[in-house]
Every structure is written in structure tokens, then in C-alpha cells.
1. Looking at segment 312-328, can you tell me whether even one residue there is within 30 Å of Glu174 (Cα to Cα) and of a type outside the set (A, V, I, L, M)?
2. Would you please list the contacts, defined by Cβ atoms under 9 Å and residues six or more apart or on different chains, that run from a residue in segment 10-27 that is surrounded by fewer than 16 Cβ atoms within 10 Å (Cβ to Cβ) to a residue that is of a type in the set (S, T, N, Q) and assigned to a helix (DSSP H, G or I)?
3. Condition first: in contact with a Leu (Cβ under 7 Å, 6 or more places away or on another chain) and either under 27 Å from Tyr164 (Cβ atoms) or among the hydrophobic types (A, V, I, L, M, F, W, C) (or both). Now tell me which residues in segment 69-98 satisfy that.
4. Taking only segment 209-243 into account, find how many residues are open to solvent by less than 30 Å² (accessible area, probe 1.4 Å) and not hydroxyl-bearing (Ser, Thr, Tyr).
5. Inspect segment 102-118 for any residue being farther than 23 Å from Gly329 by Cβ and in contact with a helix residue (DSSP H, G or I) (Cβ under 9 Å, 6 or more places away or on another chain) and give the result as yes or no.
6. Filter segment 112-128 down to the residues that are in contact (Cβ under 8 Å) with a residue 60 or more places away in the chain and over 17 Å from Ala98 (Cα atoms), then identify the one that is surrounded by the most Cβ atoms within 10 Å (Cβ to Cβ).
7. Can you confirm whether segment 70-90 contains a residue that is in contact with a Pro (Cβ under 9 Å, 6 or more places away or on another chain) and either open to solvent by 80 Å² or more (accessible area, probe 1.4 Å) or not charged (D, E, K, R) (or both)?
8. Please count how many residues of segment 34-67 are out of contact with any strand residue (DSSP E or B) (no Cβ under 7 Å at 6 or more places or on another chain), surrounded by 11 or more Cβ atoms within 10 Å (Cβ to Cβ) and under 17 Å from Ser20 (Cα atoms).
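The values are calculated or read from the model by the stated rules, or taken from the named source; none is laboratory data. Model, not experiment: these values are computed from the prediction. Glycine gets a Cβ as well: all are built from the backbone with ideal geometry, and neighbour counts include every protein chain shown. In case anyone asks, the SASA skips ligands and DNA or RNA and just uses the protein heavy atoms, side chains included. Shrake-Rupley method; radii C 1.70, N 1.55, O 1.52, S 1.80 Å.
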Amino acid sequence: MKLQQLRYFRAVARNGLRISAAARELHTSQPGVSKQIIALEQELGLPLFQRRGRQLTALTEAGSRILSMAEDVLHQTAAIRSLADEYSDPSRGSLGIATTHTQSRYVLPPVIQQFIQQYPDVALQLHQGTPEQIAAMAANGTADFAIATEAISQTGDLLMLPCYHWNRVILVPEEHHLWQRYSGKETLTLEALAEEPLVTYVFGFTGRSQLDEAFVSRGLKPRVVFTAANADVIKTYVRLGMGVGIVAAMAHDPVTDPELRAIDASHLFANSLTRIGFRRGTQLRRYMVDFITMFAPHLERELLEQLARCQYQEEVDALCQGIIVPVHGQ
């Protein structure tokens, strides 16, 4: 059994059983992928995939279990290589970050700028997706780190570290009656907000669950007329007059959004927590540790070294229990 066979097997499995897509990911030919899969099945003495003619339709029961073990083997192999690279050339390598649009557009730019200045020889790749996709990319090795707010903590293969709390603002044009009424001393209420057409995040993105829970807890049904995964898209439709926007506070910049006014909504919704995660057993290289400390300065190097040795999320939570996690923008 060869590591190459396991890599090809994993690539086919995570590309929807499409050999053509796996071949593109591996930068090889389709016949080459098929040959390695068949060789692996012959060596193991059992099929890894169910087939309909030449088409792969599903993993067999044995294939599913072997895939999980293959993921572990390949992850440990990568950890060995990472450790060797750390000793041979600590300032050179690659770093993949999977995250949402809000993080990549509004939070990460100064961090990435600082990181590139410090580590110009580290190739940085930024992947965007849904929180579920982000967690999967970190779990299967497509990315080293996953950064998101919701759903990401549900992936058991990842260790999730607390980075910062954040809340929301209500976006309206300056002439909107909500701004005229609530930009002064009067406090905006959920009841008043529930009467407005709302433009906000798709469920599962950027703390949307806290927003829904706030309305439900008061027996209110919000009138959501438009949803998007992208804060810039939400702001575009607020400008068009489609409704009142609810976005993460960091997504509003008075300089770049001069025609929109932001009403603080932190008293209406519970804070959300953004986390950074990596797969259990990951060998954190020096530049990876430095990236985390740039993004979340309260996660100090000594603590990160302890967290990297954890096997379970409960251990991480216990070590982080006494940490004061900052609120973004404060």
C-alpha cells in the first residue's frame, strides 16, 4: 500500500466520486487515478466504491471506514513533513485559510498584510465558503485554519479557539425614519425592527442564529425580505431601498459607506463568537502560531503550544476558560 494510493482514494471521495475532478486536484490524468484506485482495491482484496458500469456511485461500508483511517494516515504524514520543514526552513512554507466573506473582507486584511511582511516566503491561500464548507476544508486538509462563527464548531475533527466577540448594527439611509428616530437618545426595540422589511445574512452565516433567537424569544416574527451570504450584497440592497440591513458591526465603514447610517443593535442581540480552528494533531509551525497571535493576540504562544497538544474540544475549552476574549472594535 502506497501513500499515493491513499491520496488518490481521498481525492476521489472528497470530489463527489468524480475521477475527473480528482485528477484536476491531483494534477494528473483520469486513467492514472483509476489505475491507482484499482490497484489499492486489489491489494486490499475488496471494493472501496459501489459502481454502476464505469461510474462510481457511493463508498462501500468498508470504503467509508478505510477513508477515515486514510485521512488520519495522510494527516500524520503531513504533520511529519511539517515538523521536518520547521527544522530545515522555518520561514518558508504555505498556509491555507478557509473563512467567510465577512472575515476575509473586513477583519483579515491588516492581519494578512502584517503576516506577509513578516513571512514573505510563505505562500498564503484564502478560501471562502459556507461555515460547513470551511470546517470541512480544515478537516480534510484543504486548509490549515478555519475561521468562522456558526456551524464550524460542530466538526469533531477540529479544535476551535475563541478569537473575538462581535455584534450587529442596523443599516439604513440617512433619510430613513429609523435613523431619524433612533439616532438620538431613544433606544431601538426589537418590536420596532420586526415591523420593517429586513435584509440580512442567510441562515448559517455570520451569527444569523442569534438574530433569529432574539426575535423568537420575544414572540416576534421578523419580516426578512432578502438574504445573502455577503455583507456587501446586503448593503447594496439597502441602498436600493429594499429594506433595513442587519450586518456584523465590522462590516460597516463610515468612510466607504457614507450614504448608510448605522444604529447600534448590541442591546438587541446576544454577542457572537468568532473562532479559529485546526485539525487535531496538527503540527503548528512557527509562522502558523504567529498568524494566530496576530489574529487573536490574547492567544499567546505558550498557550497555543498547550492547545495544539489537546485531543478533545473539552480540553481546549478548559484551557481557555480564564481567558478574556475581546469584543471586536473595543
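1. Taking every residue of segment 312-328 in turn, at least one turns out to be within 30 Å of Glu174 (Cα to Cα) and of a type outside the set (A, V, I, L, M).
2. Short answer, once both residue conditions are applied: Ser20/Gln30.
3. Within segment 69-98, Ala70, Val73, Leu74, Leu95, Ile97 meet the criteria.
4. The qualifying residues number 9.
5. Yes: one or more hits.
6. The selected residue is Tyr119.
7. Looking for residues that are in contact with a Pro (Cβ under 9 Å, 6 or more places away or on another chain) and either open to solvent by 80 Å² or more (accessible area, probe 1.4 Å) or not charged (D, E, K, R) (or both), one finds none in segment 70-90, hence no.
8. Number satisfying all stated conditions: 6.
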